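Each reported figure results from applying straightforward, stated rules to the coordinates on display, with no laboratory input. This structure is a prediction, so every number in the text was calculated from the model and none was measured. Positions of Cβ are generated from backbone atoms using ideal geometry, with glycine treated the same way; all protein chains shown enter the neighbour counts.
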Amino acid sequence: MADEIRILGFAGSLRKQSYNRSSLRAAVDLVPAGITLETFDLAGIPLFNQDHEGEPPAAVRQFKSAISEADAILIVTPEYNYSVPGVLKNAIDWASRPYGQSAWDGKPVGIMGASVGMLGTARAQYHLRQIFVFLNMFPLNQPEVMIANVDQKFDTDGKLTDKKTAKKIQELLQALGDWTRMLKKART
């Protein structure tokens with residue numbers, strides 16, 4: 001399909017059985033027609049060290065390449081201490097360096113997150129939006145997908161069981177595809 005949208009998705013959690021990784025897997029299963037969703041595991045990305053930004057580690061080069069090849073980004077974030085987890089911020093920093101060579105520049109981005117709490121990662125998502133300003137990314141404003149009380153929406157195998165949440169994830173992916181197409185058209 002000529003206008004197929006390629007989304008790169010990743011979760012800001014390293015725990016294999018995290019609800020956010022499960023949410024990303026659910027998104028892969030729910031992707032609408034005309035959109036592909038590839039995933040990247042942040043587990044191999046080392047801590048950012050500016051001494052190595054000119055010659056980044058292989059995992060960082062792979063990550064930046066995957067970002068560059070994607071039409072849009074989907075970030076699935078947990079919330080730690082009212083903000084973005086360190087592993088996610090670290091990956092964002094690596095892909096933005098060295099200065100002037102950011103892989104994020106001009107990328108449309110959708111955000112979702114899952115939490116056992118009632119706010120469903122709202123604060124972490126808002127902090128990401130602040131980060132996107134400097135990175136010159138274009139966040140999708142709505143729908144917002146903040147999966148609260150997530151322990152009630154997935155089974156013990158990490159499969160999404162809540163139909164309303166599945167519908168919201170599908171709506172987010174469709175809206176991100178539409179947003180990306182609109183931005184592409186505006187640039188031509």
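Restricting attention to segment 136-146, which residues are touching a residue at least 40 places away in the same chain (Cβ under 8 Å) and surrounded by 18 or more Cβ atoms within 10 Å (Cβ to Cβ)? Outline the logic, then answer.
Initial filter on segment 136-146 (touching a residue at least 40 places away in the same chain (Cβ under 8 Å)): 137-138.
Residue satisfying the conditions is M137 alone.
Filter segment 70-100 down to residues that are closer than 19 Å to V28 by Cβ and touching a Lys or Arg at 6+ places or on another chain (Cβ under 7 Å) and give me whichever is surrounded by the fewest Cβ atoms within 10 Å (Cβ to Cβ).
The residue in question is D71.
Return the total of residues in segment 147-184 being among the hydroxyl-bearing types (S, T, Y) and surrounded by fewer than 18 Cβ atoms within 10 Å (Cβ to Cβ).
Here is the first cut: in segment 147-184, the ones among the hydroxyl-bearing types (S, T, Y) are 156, 161, 165, 180.
So of that shortlist, the ones also surrounded by fewer than 18 Cβ atoms within 10 Å (Cβ to Cβ) come out as 156, 161.
Of the residues in that region, 2 qualify.
From the residues in segment 1-26 that are under 19 Å from K153 (Cα atoms) and out of contact with any strand residue (DSSP E or B) (no Cβ under 6 Å at 6 or more places or on another chain), which one is surrounded by the most Cβ atoms within 10 Å (Cβ to Cβ)?
Going through segment 1-26, the residues under 19 Å from K153 (Cα atoms) turn out to be 11, 13, 15-26.
Now narrow it down to the ones that are out of contact with any strand residue (DSSP E or B) (no Cβ under 6 Å at 6 or more places or on another chain): 13, 15-18, 25.
Working: S13: 25, R15: 12, K16: 10, Q17: 11, S18: 18, R25: 18.
Out of the qualifying residues, it is S13.
So, restricting to helices (runs of 4 or more DSSP H) that lie completely within segment 1-105, which ones have at least 1 residues that are in contact with a Ser or Thr (Cβ under 8 Å, 6 or more places away or on another chain) and among the basic types (K, R)?
Values: elements: 19-30, 58-69, 86-95.
Of the helices (runs of 4 or more DSSP H) lying wholly inside segment 1-105, those with at least 1 residues that are in contact with a Ser or Thr (Cβ under 8 Å, 6 or more places away or on another chain) and among the basic types (K, R) span 19-30.
Output the number of residues of segment 166-188 satisfying the condition of being among the small types (G, A, S) and either assigned to a loop (DSSP other than H, G, I, E, B) or without any contact (Cβ under 8 Å) to a residue 60 or more places away in the chain (or both). Show your work before the answer.
Taking segment 166-188 and keeping what is among the small types (G, A, S), we get 166, 175, 177, 186.
Now restrict to residues that are either assigned to a loop (DSSP other than H, G, I, E, B) or without any contact (Cβ under 8 Å) to a residue 60 or more places away in the chain (or both): 186.
Looking only at that region, the number is 1.
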